[in-house]
Amino acid sequence: MPHPNDPNLRSFIDVDPASDFPIQNLPYGVFSANGLAPRVGVAIGDYILDLWELEQDGRLDVGQPGVFAAGCLNAFMHLGPKVWSATRARISELLRHDNPELRDNEELRKLALVPMSRAKLHLPFAVSGYTDFYSSKEHATNVGVMFRGKDNALQPNWLHMPIAYNGRASTVVVSGTKVKRPRGQLKPPNVELPSFGPCKRLDFELEMGVVVGQSSAMGGMLTEQQAEEMIFGFVLLNDWSARDIQQWEYVPLGPFLAKAFATSISPWVVTREALEPFRLKGPQQEPVPLDYLKQAKPQNYDLELDVSLRAASANAPAGISRTNFKYMYWSSVQQLMHHASSGCAMNVGDLLGSGTISGPDKNQRGSLLEISWNGTEPVELPGGIKRSFLEDGDSLVMRGWCQGDGYRVGFGEVEGTILAAG
């Protein structure tokens, strides 16, 4: 049987070559349609394949009935990498153009193939915990230069370990959820005392999110292989940031409320296996990492990322950034190894944010803080509109994909629109 990543595979469902969801992808999500409760599905072209219907018909068996009827992926992820791989292979087989099982079963097709236009997408998994890393050397350098100068851009520990902070799982939301402007303590440099009010320097952060699909024991550590096998898949992630609140609160313990009000993720989880053909080696790490962080395999991905902004008064979005996940200095596997290295237990449903993804060029910066250089170089949008930071009514869209030969493995999008603090 052909591997699900075979670039020659074709589905009996017509899929546009520019679609994010060809048969080589098969990302998982949670959807509802036709008045039924949310359940697990897989994206294929402009349709969602209802895995619960396939299970009911006896076409799909993962050894634990009911996992696809759940309103989140956690129960399925708990079954482990062998089941993930076998399930993806079976779904691929059912969708192939030369397999009559589903193709020629008109009754099952009507039940199991739901047009995306008729479905509502939900948060794909229950987020157990959320950790946000700071692993792009370009981003960390840009921010360091802005606030500390070129000679002290990177803190001494940055090149030795993946830096991170614990975020809030409670405010991770699915794409399309509107984001209310946060309030907090504000103290501009020229003011003696802080005040409390709406954030004035609201920003986005272009990130990828790692979805942890297996748990690890408290007190243990992870090898590279163990960490890799624990990763179920990836999502697009926007870690909204209140820069002025952060500037006042972050000393001495780091980000807190400035990052706690909302984190948006895409509704589709692209599996680690689907990204395998696009794996590559990341940047040279110097100094060489300590032994527990060393990697024997390439752990980065050639994954294009695009950000567009539609200003509140504009009719159409405009591109403001285009970069690639391959630039990340610390890989997702290293982040997970480091996270567990102290004995920290990892849980099914943990979410790890990569940290803002920026590239070496100006057009590859992954936040407005960098793009506008802390507000000193406003972004010029069509119609004479300028932005240093996000304003009420602005909508931000992130997209990501890996480009294959005649197909792409994509993530769809993560979108959020800013509401007034009220």
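The values are calculated or read from the model by the stated rules, or taken from the named source; none is laboratory data. Only a predicted model underlies this, so the values are computations on that prediction, with no experimental measurement involved. As a convention, Cβ positions derive from the backbone with ideal geometry for all residues, glycine included, and neighbour counts pool all protein chains shown. Side chains are part of the model used for accessible areas, which takes the heavy atoms of the whole protein and leaves out ligands, DNA and RNA. Shrake-Rupley method; radii C 1.70, N 1.55, O 1.52, S 1.80 Å.
What the Cβ-Cβ distance of Asn8 and Leu111 gives, at R0 = 30 Å and to the nearest 0.05, is a FRET efficiency of 0.55.
Given their separation in residues at 0.36 nm each and the Cα-Cα distance between them, Arg279 and Gln225 gain 17.9 nm when the chain is fully extended.
Could you report segment 126-195's accessible area per residue, 1.4 Å probe, as an integer in Å²?
Accessible area per residue: 54 Å².
Once both labels are positioned 7 Å from their Cα atoms along Cα-to-Cβ, the gap between Gln185 and Glu286 label points is 4.2 nm. Amide H contacts of Ile163: Tyr134, each under 5 Å away and 5 or more positions distant or on a separate chain (H built 1.01 Å from N in the peptide plane; Pro and chain starts excluded).
Running a GNM on the chain with Cα contacts under 10 Å, which residue among Gly366, Gly384, Gly375 ends up with the highest mean-square fluctuation? Checking each option, the largest mean-square fluctuation is seen for Gly384. Starting from the Cα of Lys386, move 7 Å in the Cα-to-Cβ direction to define the label point; list residues of segment 359-374 whose amide nitrogen is under 14 Å from there. Once the point is set 7 Å along Cα→Cβ of Lys386, 372-374 turn out to lie under 14 Å by backbone N, inside segment 359-374. For segment 338-405, the equivalent ellipsoid built from the Cα gyration tensor has semi-axes of 32, 17, 14 Å, listed from largest to smallest.
Using a probe of 1.4 Å, the accessible surface attributed to Tyr292 totals some 70 Å² when neighbouring protein chains are kept in position. Placing one identical point scatterer on every Cα of segment 279-338 and ignoring solvent, what is log10 I(q)/I(0) from the Debye formula at q = 0.17, 0.18, 0.19, 0.21 Å⁻¹? With no solvent term, the Cα-only Debye profile gives -0.64, -0.68, -0.72, -0.81. Sequence-distant or interchain residues sharing an amide H contact under 5 Å with Ser128, placed H: which? Those qualifying (amide H under 5 Å, at least 5 residues apart or on another chain) are Asp350, Leu351.
In percent, how large is the relative contact order of the chain, given Cα pairs closer than 8 Å and 6 or more residues apart?
This gives 21 percent for the chain.
Under the simplified labelling scheme, the Met1-Ser85 pair shows an inter-label distance of 1.3 nm, with each label point 7 Å from Cα along Cα→Cβ. With θ taken as phi - 60° and the Karplus curve 6.51 cos²θ - 1.76 cosθ + 1.60 applied, the whole-hertz 3J(HN,Hα) list for segment 149-163 is x, 4, 6, 9, 5, 9, 5, x, 7, 4, 7, 10, 7, x, 7 Hz, x standing for glycine and proline. The trypsin sites (Lys or Arg not before Pro) of segment 275-356 that meet both conditions, a loop assignment by DSSP and at most 16 other Cβ atoms within 10 Å of the site Cβ, are Lys281, Lys294. May I ask you to derive the FRET efficiency for Asn166 and Asn99 from their Cβ-Cβ distance with R0 = 35 Å, giving the value to the nearest 0.05? Computed FRET efficiency for Asn166 and Asn99 comes out at 0.15. Result for the chain in a Gaussian network model with C-alpha springs under 10 Å: among Tyr165, Tyr134, Tyr327, the largest mean-square fluctuation is at Tyr165.
Rounded to whole Å, the principal axis extents of the Cα atoms in segment 367-419 read 41, 24, 22, largest first. Segment 149-282 has equivalent-ellipsoid semi-axes of 32, 20, 14 Å, by the square roots of 5 times the alpha carbon gyration tensor eigenvalues, sorted largest first. The angle between the Cα long axis of helix 332-341 and the main principal axis of the chain comes to about 70°, on a 0 to 90 degree scale.
Once the Cβ-Cβ distance of Asn157 and Phe256 is raised to the sixth power relative to R0 = 30 Å, the FRET efficiency obtained is 0.90. Counting 0.36 nm for each residue step from Lys150 to Ala420 and taking away their Cα separation leaves a gain of 93.6 nm.
Sorted into 10 angstrom bins from 0, the C-alpha pair distances of the chain split as 5, 22, 32, 25, 13, 4, 1, 0 percent.
Working value for segment 127-198: equivalent-ellipsoid semi-axes of 26, 23, 11 Å, each the square root of 5 times a Cα gyration tensor eigenvalue, largest first. Entry note, the chain: the mean residue ellipticity at 222 nm calculated from DSSP H runs of n ≥ 4, each adding -39500 (n - 2.57), is -4500 deg cm²/dmol after division by the residues and rounding to the nearest 500.
Here segment 40-145 was treated as a single set of alpha-carbon atoms; its pair distances binned every 10 Å from 0 give 12, 37, 26, 12, 9, 3, 0 percent. Residue-wise HN-Hα couplings along segment 382-397, as the Karplus relation 6.51 cos²θ - 1.76 cosθ + 1.60 with θ = phi - 60° gives them from phi, are x, x, x, 7, 10, 9, 9, 9, 6, 10, 4, x, 5, 10, 10, 10 Hz; Gly and Pro carry x. Applied to segment 112-121, the Karplus parametrisation 6.51 cos²θ - 1.76 cosθ + 1.60 on θ = phi - 60° returns per-residue 3J(HN,Hα) values of 8, 10, 9, x, 4, 5, 9, 10, 9, 9 Hz, with x for Gly and Pro. In segment 263-422, inverting the average of 1/r over every pair of distinct C-alpha atoms gives 17.8 Å as the Kirkwood radius. Counted over all Cα-Cα pairs of segment 224-273, pairs farther apart than 19 Å make up 50 percent.
Based on protein heavy atoms only, segment 227-380 ends up with 37 Å² per residue of surface accessible to a 1.4 Å probe.
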